[in-house]
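A.B. asks: Input: one structure, supplied below.
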Amino acid sequence: MPVPGPGYSITVRVDAPPSASAAGDLTTAVGKVGGVLTAFDVVGSDADAIVVDITANVASADHAEDITTALNALPGVQVRKVSDRTFLMHLGGKLEVSPKVALKNRDDLSRAYTPGVARVCQAIAANPEDARRLTIKRNTVAVVSDGSAVLGLGNIGPGAALPVMEGKAALFKKFADVDAWPVCLDTQDTEEIIRTVRALAPVYAGINLEDIAAPRCFEIEARLRDQLDIPVFHDDQHGTAIVVMAALRNALRVVEKDIENCRVVVSGVGAAGSAIIRLLLRRNPADVVAVDIDGIVHTGRNNMDPNLRWVAEHTNADGMTGSLHEALAGADVFIGVSAPNLFGAEQVATMNDDPVVFALANPDPEIDPIEAQQHAAVVATGRSDYPNQINNVLAFPGVFRGLLDAHARDIDDEMLLAAANAVADVVDDRLNASFIVPSVFDNAVAPAVAEAVKSAAMQATGDKEAK
Ligand SMILES: NC(=O)c1ccc[n+]([C@@H]2O[C@H](COP(=O)([O-])OP(=O)(O)OC[C@H]3O[C@@H](n4cnc5c(N)ncnc54)[C@H](O)[C@@H]3O)[C@@H](O)[C@H]2O)c1
């Protein structure tokens, strides 16, 4: 059931009588139908009427309609227009290109463009590595999507994916001063995506793959990593895995358990689940039991794709079979990146003492967090309206800042784990069951992640050169 929030905020412009009670009547009418009033501005006035902009958070289009109807029903009040503030924010897009150099006179032109620029081109032709020093490549990342798995909206295509990719680019800039650019491709063919990204790579110092459906995303990422000399990172996989690992480290501190003694159930073996499992295994948990739509993943299953087979071969040491509910019995940790409403408090009660439950399916988690709290010691979700939000913004800006600063050519698990530790460490002594990850607006996060990733990337380069 959606609740009013800033993601759906409307401004209603009304004509109202200039009476002393007008403001109270208008705000009461909005409140009575459940709108959350956030602003009230008188934008015009004369002897007969006032013009008021009323801004409110609503839950849905129907709810917005209820508010308009309630305002129109007031004596002497007439709604002039209703604006959706989210759409207003997206008008004309959310990004622009702006030059970093002054172009005030002929001399400036001769240096920024021809003829002066030719010498810079020649320098790069002679030494291609100079592109990182002398062009936007130094600080630019491509946010590449084919629009096949956008948010929870599914395969809506590249044009419809663009607002998300623009938003992602805006977050890169805001949190880590990375110049990211959306690249939405009008193809969902694996070979064509790989070929296209290869062809556009010279401009970029990193590739952030985004909202590309599993299992295609695994092959695209692996082959691009193989073919390109810049890091390739699929945020839906590794951004999620980093923040989950950070949250898990701190959750286990809260319940005073060692990962080596924990059995972890991971529900969902798609983009997010697979990456979480791979990183989790690097921490040597007692066991990981993966569950997907067909139940517990085990080596006896038929028709597994290479990703699922890898997971089957590296998890479930006891060869469990059955359902998620069976997997949960006796488990220490549940990590869900799968589907809504898969279990209830009674299944949490079957877990080991002080269980940790991360129910991250969006927008509706695997278990209602309030229900989970009945038996779980720590609960996290992907939602911003509950404590402990697992949000990839904690990871990807700092990860790319660190990679760019290190001039990294690739990315490995050590860098992902370094990023996870950095996110976890920011919490420090503020740790408690409702604060296992820092706020996304904590200014310490991105620099800490960047530093950790840079140092791990430089270490990896040094190790390679030493060989
Ligand atoms: N930060 C976050 O909170 C965060 C990050 C990434 C993904 N997610 C959420 O996790 C979910 C999965 O994302 P994804 O990109 O990995 O999707 P995906 O489509 O790649 O994978 C989904 C997986 O869930 C499994 N699944 C589906 N129904 C199931 C069921 N009833 N029981 C058990 N498993 C089931 C599928 O078999 C598949 O393995 C989405 O809801 C997404 O919004 C949250």
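The values are calculated or read from the model by the stated rules, or taken from the named source; none is laboratory data. The structure displayed is predicted, hence computed values, not measured ones. Every residue, glycine among them, receives a Cβ derived from its backbone with ideal geometry; neighbour counts consider all protein chains shown. For accessibility, only protein heavy atoms count, side chains too; no ligands or nucleic acids. Shrake-Rupley method; radii C 1.70, N 1.55, O 1.52, S 1.80 Å.
A.B. asks: Among the residues of region 288-296, is there at least one that is within 20 Å of the chain's Cα centre (by Cα), of a type in the set (Gly, Ala, Ser) and buried (at least 24 other Cβ atoms within 10 Å of the Cβ)?
C.D. replies: Within region 288-296, the first condition is being within 20 Å of the chain's Cα centre (by Cα), and the residues that meet it are none.
Checking region 288-296: not a single residue is within 20 Å of the chain's Cα centre (by Cα), of a type in the set (Gly, Ala, Ser) and buried (at least 24 other Cβ atoms within 10 Å of the Cβ).
A.B. asks: Another question, if that's okay. For region 166-180, which residues satisfy the criterion of being under 30 Å from Gly268 (Cα atoms) and more than 16 Å from the ligand (Cβ to nearest atom)? Outline the logic, then answer.
C.D. replies: The first filter runs over region 166-180 and keeps only residues under 30 Å from Gly268 (Cα atoms), leaving 166-172, 175, 180.
Matches in region 166-180: Glu166, Ala169, Ala170, Phe172, Ala180.
A.B. asks: Moving to a separate point now. Please work out which one of (1) on the phi > 0 side of the Ramachandran plot; (2) in contact (Cβ under 8 Å) with a residue 40 or more places away in the chain is the condition Cys262 fails and give its number.
C.D. replies: (1) is the only condition that Cys262 fails.
A.B. asks: A further question follows. List the residue pairs whose Cβ atoms are under 7 Å apart, where the first residue sits in region 213-235 and is within 14 Å of Val141 (Cβ to Cβ) and in contact (Cβ under 8 Å) with a residue 24 or more places away in the chain, the second is among the acidic types (Asp, Glu) and part of a helix (DSSP H, G or I), and the two are 6 or more positions apart or on different chains.
C.D. replies: Short answer, once both residue conditions are applied: Val232/Glu221; His234/Glu221.
A.B. asks: Right, next: Kindly indicate the residue of region 252-280 that is open to solvent by 20 Å² or more (accessible area, probe 1.4 Å) and closer than 16 Å to Asp318 by Cβ and also farthest from the ligand (Cβ to nearest atom) among those meeting that condition.
C.D. replies: Asn261
A.B. asks: Can you tell me which residue is nearest to the ligand (Cβ to nearest atom) among those in region 201-251 that are β-branched (Val, Ile, Thr) and within 30 Å of Phe435 (Cα to Cα)?
C.D. replies: Per the criteria, the residue is Thr240.
A.B. asks: For region 28-109, which fully contained strands (runs of 3 or more DSSP E) count at least 2 residues that are surrounded by 14 or more Cβ atoms within 10 Å (Cβ to Cβ) and in contact with a Leu (Cβ under 8 Å, 6 or more places away or on another chain)? Quick ask: steps written out before the conclusion?
C.D. replies: Working: elements: 36-45, 50-58, 78-84.
The qualifying strands (runs of 3 or more DSSP E) are 50-58.
A.B. asks: Consider Arg283 against the criteria (1) within 15 Å of the ligand (Cβ to nearest atom); (2) in a loop (DSSP other than H, G, I, E, B); (3) at negative phi; (4) of a type outside the set (A, V, I, L, M): it satisfies all of them except one. Which criterion is unmet?
C.D. replies: The failed condition is (1).
A.B. asks: Here is a further query. List pairs: first residue in region 446-467 and charged (D, E, K, R), second residue in a helix (DSSP H, G or I) anywhere in the structure, Cβ distance under 6 angstrom, at least six positions apart or on different chains.
C.D. replies: Lys454/Gly402; Lys454/Asp405
Conditions (1) more than 17 Å from Val243 (Cα to Cα); (2) among the charged types (D, E, K, R), marked per residue:
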{"site": "Phe396", "(1), (2)": "no, no"}
{"site": "Asp405", "(1), (2)": "yes, yes"}
{"site": "Ile411", "(1), (2)": "no, no"}
{"site": "Glu414", "(1), (2)": "no, yes"}
{"site": "Leu417", "(1), (2)": "no, no"}
{"site": "Val427", "(1), (2)": "no, no"}
{"site": "Val437", "(1), (2)": "no, no"}
{"site": "Ala446", "(1), (2)": "no, no"}
{"site": "Ser455", "(1), (2)": "yes, no"}
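A.B. asks: Looking only at region 345-378, count how many residues are within 14 Å of the ligand (Cβ to nearest atom) and either touching a residue at least 60 places away in the same chain (Cβ under 8 Å) or not charged (D, E, K, R) (or both).
C.D. replies: Total satisfying the criteria: 12.
A.B. asks: Among the residues that make up region 50-65, is at least one of them free of Cβ contacts under 8 Å to residues at least 40 places away in the same chain and either within 29 Å of Met165 (Cβ to Cβ) or within 16 Å of the ligand (Cβ to nearest atom) (or both)? Break it down stepwise before answering.
C.D. replies: As a first pass, look at region 50-65 and keep what is free of Cβ contacts under 8 Å to residues at least 40 places away in the same chain: 50-52, 61-62, 65.
From the residues that got through so far, the ones that are either within 29 Å of Met165 (Cβ to Cβ) or within 16 Å of the ligand (Cβ to nearest atom) (or both) too are 61.
Yes, region 50-65 has at least one match.
A.B. asks: I would also like to ask the following. Could you check how many residues of region 385-422 are within 14 Å of the ligand (Cβ to nearest atom) and in contact with a Gly (Cβ under 8 Å, 6 or more places away or on another chain)? Outline the logic, then answer.
C.D. replies: As a first pass, look at region 385-422 and keep what is within 14 Å of the ligand (Cβ to nearest atom): 385-396, 420.
In the following step, the residues that additionally are in contact with a Gly (Cβ under 8 Å, 6 or more places away or on another chain) were identified as 385, 389-392, 395-396.
Within region 385-422, residues that are within 14 Å of the ligand (Cβ to nearest atom) and in contact with a Gly (Cβ under 8 Å, 6 or more places away or on another chain) number 7.
A.B. asks: Something else: Quick one: how many residues across region 246-280 are acidic (Asp, Glu) and assigned to a loop (DSSP other than H, G, I, E, B)? Spell out the reasoning first.
C.D. replies: First, pick out the residues of region 246-280 that are acidic (Asp, Glu): 256, 258, 260.
Next, only the ones that are assigned to a loop (DSSP other than H, G, I, E, B) stay: 256, 258.
Here the count works out to 2.
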